[in-house]
């Protein structure tokens, strides 16, 4: 029974993800989350390939798995940025700041992966595996971090758990949390590896059904936190960041001169703290 579940679980996940694609096309959600649509489609194809290779043993599977892992990591990073931008639409200056932070995070992950591969002893496949493990776990932590951020600021940002962006973030964050837990348990409880893999697979299948069910619902009306009577910390940051180089959307923030960027951020922080003390 267990080998049967392990073999046919990827096919079940692929069918669940195909249902998500159909719902996104019918509800015209693809234009709102194009990167997430590409991620779901890619994962669906990857699950089908995994199902096929469960019955066809081939030495080329290792290279196909590596290629799929690299592409999946890039798509996950894009989905995180897409969800962040969708949920932060009222805060254009915060989005500009997040754009720069995502660029630096991507550069840091690539550098960390390269250094990990360089420092790992062994053959080239061992080096590449170590680098991919580092990137995968870092991206899983980022997914959990995004979920924790939304949990902490959900009321202040005026977000609804019925919104499509929150639905996607909840699915990604919860599946990442379980994936991290399973990855650590597999190393300590070798006899439970198969059961943990089945548990992880069924949970991701349930996430696919969850996405399909919630994306079918119409998007609730978004409440603008900027119109709230109380002055929120996110609103103050957005207003003060708007007076810095972050507000210039046509300008490449990554190449902003340090002499104008650093003092601008310092002044923004001083003004925010001063307003908070007055209130």
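Read-outs: derived from the displayed coordinates by stated rules, not from any lab. Nothing here was measured: the structure is a model prediction, and the numbers come from that model. Virtual Cβ from ideal backbone geometry, glycine too; neighbours counted across all protein chains shown.
Principal semi-axes of the equivalent ellipsoid, √(5λ) from the alpha carbon gyration tensor of segment 167-209, are 21, 11, 4 Å from largest down. For segment 151-223, the Kirkwood hydrodynamic radius from C-alpha pairs, put into Stokes-Einstein at 25 °C and a viscosity of 0.890 mPa s, yields a diffusion coefficient of 176 µm² per second. Peptides 192-202, 40-50 ranked from most to least packed by the mean count of surrounding Cβ atoms within 10 Å: 40-50, 192-202. The modelled label-to-label distance for the pair residue 141/residue 217, using points 7 Å beyond Cα in the direction of Cβ, is 3.3 nm. Once the chain from residue 181 to residue 26 is taken as fully extended at 0.36 nm per residue, the excess over their C-alpha distance is 52.3 nm. Convex hull volume of the C-alpha atoms in segment 124-183, normalised per residue: 75 Å³. Give me the tail of P(r) for segment 2-222 as a percent: Cα-Cα pairs with distance above 27 Å. Within segment 2-222, distances greater than 27 Å cover 36 percent of Cα pairs. Using equal-weight Cα scatterers in the Debye expression, the normalised intensity of segment 22-127 in log10 at q = 0.12, 0.15, 0.20, 0.22 Å⁻¹ is -0.61, -0.86, -1.11, -1.18.
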